[in-house]
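What follows is a short report on a single structure.
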Amino acid sequence: MSESPLIDGDRLIVMPGGRGASLISLNKRDGKLQWKTGDDEAGYSSAIVVEVSGVRQVIALSGESAMSVMEDKGEMLWRYPKIANRTANIATPIYHDGYVFISTDYGTGCALLKLGPKMMSEVYFNRDMKNHYSTSVLVGDTLYGFNDAILTAMDFKTGKVMWRNRSVGKGSVAYADQRLYVLSEDGVMGLLEPNPAAYKEVSRFEISKGRYPTWSPPVISDGKLYLRDQDNLTSYDIKPK
């Protein structure tokens, strides 16, 4: 419906949503159905593939829960409805070292789940990192993301908040070349050091934008920074001189 399709080998995994089709896998070459599973309505988040103790699984955030299914046949392994809200579940799950981090806004919060081959257990749940429309980034052991409108650094494994800062205002964050790129929905672009001890801003500038909020995250590719609002696409050369 609105997520980015996931290609894994010959599979094309998408989230139509609805009874019997929370997630489906199609052959990417001819579109034939390989498996379908679950009854949750569709969300806005994109699925990921991880391998835990030799078991490949697809982890997705639907409109009603976080879930994991077997990559090869779609067998449901677990569901975690606590993290979902009924408005918009958007941020992509973040997997690291046998754990998956999931976050939503609208007053919900974030959770870290410890994964086994076919099960999970909750490590923590709190309301200190409520990702609205942008996914946090993980640098080392620290998550950097927007708790609604406040840029927040959080320890991945414990959920402890390291610092908070209003920074550029509510927005999106990306990471490249040992720097954080934060773009506010009002068109303010900030460059930060990813420092878990304190907020460290290097520089900032503003882009000319239309009348709607800028919700697209910054994209960095081949020394270029791409910023998109609902009216314009702008590219900046950010290669070191």
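The values are calculated or read from the model by the stated rules, or taken from the named source; none is laboratory data. Predicted model only: the values in this text are computed from it and were never measured. Heads up, the Cβs are rebuilt from the backbone with ideal geometry, glycines too, and the neighbour counts pull from every protein chain shown.
Data overview
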item	result
Residue under evaluation LEU138, criteria (1) out of contact with any Phe, Trp or Tyr (no Cβ under 7 Å at 6 or more places or on another chain); (2) closer than 22 Å to LYS170 by Cα, criterion not met	(1)
Residue tally, condition surrounded by 12 or more Cβ atoms within 10 Å (Cβ to Cβ), closer than 16 Å to VAL168 by Cβ and either without any contact (Cβ under 8 Å) to a residue 12 or more places away in the chain or not β-branched (Val, Ile, Thr) (or both), over the stretch 207-227	8
Any hit, the stretch 48-56, residues being farther than 24 Å from ALA153 by Cα, in contact (Cβ under 8 Å) with a residue 12 or more places away in the chain, among the polar types (S, T, N, Q) and assigned to a loop (DSSP other than H, G, I, E, B)	yes
Where PRO16 falls short, out of the listed (1) in contact (Cβ under 8 Å) with a residue 12 or more places away in the chain; (2) assigned to a strand (DSSP E or B)	(2)
For SER53: the one exception among (1) modelled with pLDDT of 95 or more; (2) at positive phi; (3) small (Gly, Ala, Ser)	(1)
Close pairs (7 angstrom Cβ cut-off, 6 or more residues apart or separate chains): more than 19 Å from SER65 (Cβ to Cβ) in the stretch 120-139, buried (at least 20 other Cβ atoms within 10 Å of the Cβ) and among the hydroxyl-bearing types (Ser, Thr, Tyr) anywhere	ASP128/THR152; SER134/SER172; SER136/SER103; SER136/TYR144; VAL137/TYR144
Any hit, the stretch 58-66, residues being modelled with pLDDT of 95 or more, over 28 Å from ASN165 (Cβ atoms) and surrounded by fewer than 19 Cβ atoms within 10 Å (Cβ to Cβ)	no
Single match in ILE90, ILE7 (criterion: modelled with pLDDT of 95 or more, of a type in the set (Val, Ile, Thr) and either assigned to a loop (DSSP other than H, G, I, E, B) or buried (at least 22 other Cβ atoms within 10 Å of the Cβ) (or both))	ILE90
